[in-house]
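Chemist: Submitted below is the structure of interest, expressed as structure tokens.
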Amino acid sequence: MSIPLLARARQHGDRLAIVDAAGEHSYAEVGAAAWRVASHILNGRDDLREARVAFMVPPGFDYVAVQWGVWLAGGVAVPLCLSHPLPEIEYVLDDTAAEILIVHPDFEAKLRPATAGRDLRFVSTPDALAADEAPLPEIEETRRAMILYTSGTTSRPKGVVTTHRNIEAQITSLIEAWAWRADDRILHVLPLHHTHGIINVLSCALWAGAACEMLHAFDAETVWQRFVESPLTLFMAVPTIYVRLIQAWEGAGEAEQQKRSEACEKMRLMVSGSAALPVSVLARWCEISGHTLLERYGMTEIGMALSNPLHGERRPGTVGQPLPGVDLRLVDENGSLIYEEEAPGQVQVRGPAVFLEYWQRPDATQEAFTDDGWFRTGDVALVEDGYYRLLGRSSVDIIKTGGEKVSALEIEEVLRKHPHVAECAVVGVPDAEWGERVCAAIVCRTDEGLDTETLRVWAKDHLAPFKVPTRCLFVADLPRNVMGKVTKPEVKELFADRS
Ligand code: AMP
């Protein structure tokens, strides 16, 4: 067996690996369960040879057993988003041409219909976990390991393919930079279909021989309770989660506030990323917890690329410097390298952590890389006194809200289906809680205008597949005569003025 993460897990043996609602589980138990899952899905074959295996399993022991089981069997892991409606799941199943779908009993009723008309083996987690152990294939590190879906501007979400070697590089860079240790214990509250939750938290913990305490979903009161009761050393989240934790702390009584603040003292590191951390949130969190959040920058395609230091100055509003093993450069519009400070350019990244390809989209893959192999992130940054500061994305049509990337163009497509909407423009507007709020400027078909609240309610239902957090959708009605005359930056201004 040569999957680096799993080879290391074997060495951790009886150490505590996972804590979930069912209890505590050692590395040896996770490894044995993964072997049983692998044997079940192999179903007599000697190797899945990169067959895609989609799975919907809640955070916890079963999730890890399934993810590792897919890898041990030679398959490509395709973790599904627990909250996605069926059509979005079916999109992923079809795009990956998944052969096997592994489903936890909680999601069986929801996903069973997906097998209709598809050549898909439906596997329930209890069956997979109860299988007898069978021989496993040899897996080379260059093999495809995982496909994660990420929103783009011009098309439906694309599958980002990483190999076992890419994953190893993404993990080891963070192990080194943030000095992960076997006696660390982290609370996991992030979705497990996204790189942040899968690599930065879960895989780093299990690489290090640390313990990972997994919550079913984020809930601010539960997180504070775990902070108080559990011997945690690490916490990592998106800015929106820190905002929620601040709100919950402020809503608590004085004695409880003190208990919560004291609980943070035992932690050695708290990290924020996946969206810009407002300096006001960093400052308030510091007052409450005593921790200066370490902000980092990364992307599904590249893992993490920039980070403030573990030791040394963490500068508010910046994302620090390149992580170990990451080659990073800034390039201007003409493709020339930027050497001087304070000059903005597009961030480009190279190194072993950078993904292999967009699944079955050779054109998109080719476009994403320069001729000499640098990945174009689409993010614009500058260097200020040696620290990188992100300025935004080069495309106004990618919105980062609540840590999730959504495509403005996809949302516009949906809104245009409303019978009263003649035209619309969707933009992201800076917001302390959401990172960016999704704002839709609408031009109505008639002069009567539109009840924006009614449209909001309609949009919530129709936008569910697009990951738009329903509470963060704002709608404004524009006069008909502006149709086609305003640019997106002007629409942004319009919303910024209103907030
Ligand atoms: P995803 O692939 O969903 O993780 O989204 C990656 C994108 O999130 C990046 O391309 C950035 O636009 C954004 N992002 C990640 N970290 C940060 C950060 N610390 N500050 C601002 N934007 C960030």
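Read-outs throughout are calculated quantities, based only on the coordinates presented, and are distinct from any laboratory measurement. The model shown is predicted, which means the values in this text are computed figures rather than measured ones. Virtual Cβ from ideal backbone geometry, glycine too; neighbours counted across all protein chains shown.
Chemist: Among the aspartates and glutamates, select those whose C-alpha is under 12 Å from the C-alpha of Lys266, and discard any that sit fewer than 8 residues away in the same chain.
Modeler: Result set, ordered by chain and number: Asp184, Glu229.
Chemist: If you place +1 on the Cβ of every Lys and Arg and -1 on the Cβ of every Asp and Glu, how big does the dipole about the Cα centre of the chain come out, in debye to the nearest 20?
Modeler: Using Cβ point charges on Lys, Arg, Asp and Glu, the chain gives about 260 debye.
Chemist: Answer rounded, prolate or oblate for the chain, using the Cα gyration tensor with square roots of eigenvalues a ≥ b ≥ c: rounded when a/c is under 1.5, else prolate when a/b is larger than b/c, else oblate.
Modeler: In terms of gyration-tensor shape, rounded.
Chemist: Can you tell me the relative contact order of region 244-397? Whole percent, Cα pairs under 8 Å, sequence separation 6 or more.
Modeler: So the answer I get is 16 percent.
Chemist: Let me ask something else. Looking at the chain only, what percent of DSSP beta bridges run antiparallel? Nearest 5 please.
Modeler: 60
Chemist: Relative contact order (percent) for the chain, with alpha-carbon contacts under 8 angstrom and 6 or more residues of separation?
Modeler: 11
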